[in-house]
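The structure under discussion appears below in the form of structure tokens.
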Amino acid sequence: MVEIKDTLVSLDMFSEMFICDYARCKGACCVEGDAGAPVEIDEVAALEEAAEAVWDELTPQARQVIDEEGVVSIDPEGTLVTSIVNGRDCVFAVRDADGNTLCAIDRAFRDGRIAVEKPLSCALYPARLSEVGGMTAVNYHRWDICRSACALGQKEGVRVYQFLKAPLVRRFGQEWWDEADLVCGELQKQGYI
């Protein structure tokens, strides 16, 4: 772990390579797993606003879950997460004509229809944040569905923290990312990565 400002960053964030390979995974992270995406309490109101804006794009099952449970729920580990449909799909997951999974919030944001961005945990993936001793830990999370992303990152020479520049800046600020970039250079010079 490396300390950057008030965070502890796993060396894997600097040593591992990653570029999301949507062409191969087809958005599996929105539908795989047994819980929704982690959500911060201050994101809930924005997700409720986004749900209203994309309501007609959501599946009937997702709309029913939102009507009954809301846009977020508590998973078995006590974490606030996006609600899911049938124990699997995020309520905001939609399919395109080719069967690829997309985030309705992200699509509406990119189209300029809403100002709300998808949950930060989604944007930060494959990084996961946790609290450790009053500091935020930034760890690399490995998931089999992302094997092609690791291969593509290796091929292109893009490290996890580089791939995640925009969401890391969104969460921690540009100064934090600049320091992370310097740390990576030092780790390389010293032969740690």
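The values are calculated or read from the model by the stated rules, or taken from the named source; none is laboratory data. Treat the numbers as computed from the prediction; the structure is a model and nothing was measured. No Cβ is skipped: glycine too gets one built from the backbone with ideal geometry, and neighbour counts run over all protein chains shown.
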### Summary
Of the listed residues (Ala45, Ala50), the one being in contact with a helix residue (DSSP H, G or I) (Cβ under 9 Å, 6 or more places away or on another chain), part of a helix (DSSP H, G or I) and among the aliphatic types (A, V, I, L, M) is Ala50
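Does Cys122 satisfy the condition of being crowded, with 18+ Cβ neighbours inside 10 Å and farther than 22 Å from Val72 by Cβ? Before you say what the answer is, go through the steps one by one.
Numbers: crowded, with 18+ Cβ neighbours inside 10 Å: yes; farther than 22 Å from Val72 by Cβ: no.
Answer is no for this residue.
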### Message
Anything in the stretch 7-45 that is surrounded by fewer than 18 Cβ atoms within 10 Å (Cβ to Cβ), of a type in the set (Gly, Ala, Ser) and at pLDDT 95 or above? List them, or say none.
### Response
Ser15, Ala45
## Note on the structure
When Gly112 is run through (1) in contact with a strand residue (DSSP E or B) (Cβ under 9 Å, 6 or more places away or on another chain); (2) over 22 Å from Gly36 (Cα atoms); (3) not hydroxyl-bearing (Ser, Thr, Tyr), the failure sits at (1)
### Query
Here is a list of conditions, (1) within 14 Å of Gly27 (Cα to Cα); (2) in contact with a helix residue (DSSP H, G or I) (Cβ under 8 Å, 6 or more places away or on another chain), and Asn139 meets all of them except one; can you say which number that is?
(1)
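For the stretch 69-114, which residues satisfy the criterion of being polar (S, T, N, Q) and on the phi < 0 side of the Ramachandran plot?
Kept after step one, since they are polar (S, T, N, Q), are these residues of the stretch 69-114: 73, 79, 82-83, 86, 100-101.
Answer for the stretch 69-114, where residues must be polar (S, T, N, Q) and on the phi < 0 side of the Ramachandran plot: Ser73, Thr79, Thr82, Ser83, Asn100, Thr101.
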### Message
Taking the conditions exactly as written (surrounded by fewer than 21 Cβ atoms within 10 Å (Cβ to Cβ) and in contact with a Ser or Thr (Cβ under 7 Å, 6 or more places away or on another chain)), does Arg110 satisfy them or not?
### Response
no
## Note on the structure
Over the stretch 74-92, the set of residues of a type in the set (Gly, Ala, Ser) and at pLDDT 95 or above is Ser83
### Query
Within the stretch 6-20, is there a residue that is more than 17 Å from the chain's Cα centre (by Cα) and free of Cβ contacts under 8 Å to residues at least 40 places away in the same chain?
no
### Message
Tell me yes or no: at least one residue of the stretch 121-130 is more than 13 Å from the chain's Cα centre (by Cα), of a type in the set (A, V, I, L, M, F, W, C) and farther than 18 Å from Cys20 by Cα.
### Response
no
### Message
Testing Ala53 on (1) in contact (Cβ under 8 Å) with a residue 60 or more places away in the chain; (2) in contact with a Leu (Cβ under 9 Å, 6 or more places away or on another chain); (3) over 27 Å from Asp21 (Cα atoms), one condition comes back false. Which one is that?
### Response
(2)
### Query
Do we find a residue being crowded, with 17+ Cβ neighbours inside 10 Å, at pLDDT below 95 and not small (Gly, Ala, Ser) anywhere in the stretch 153-171?
no
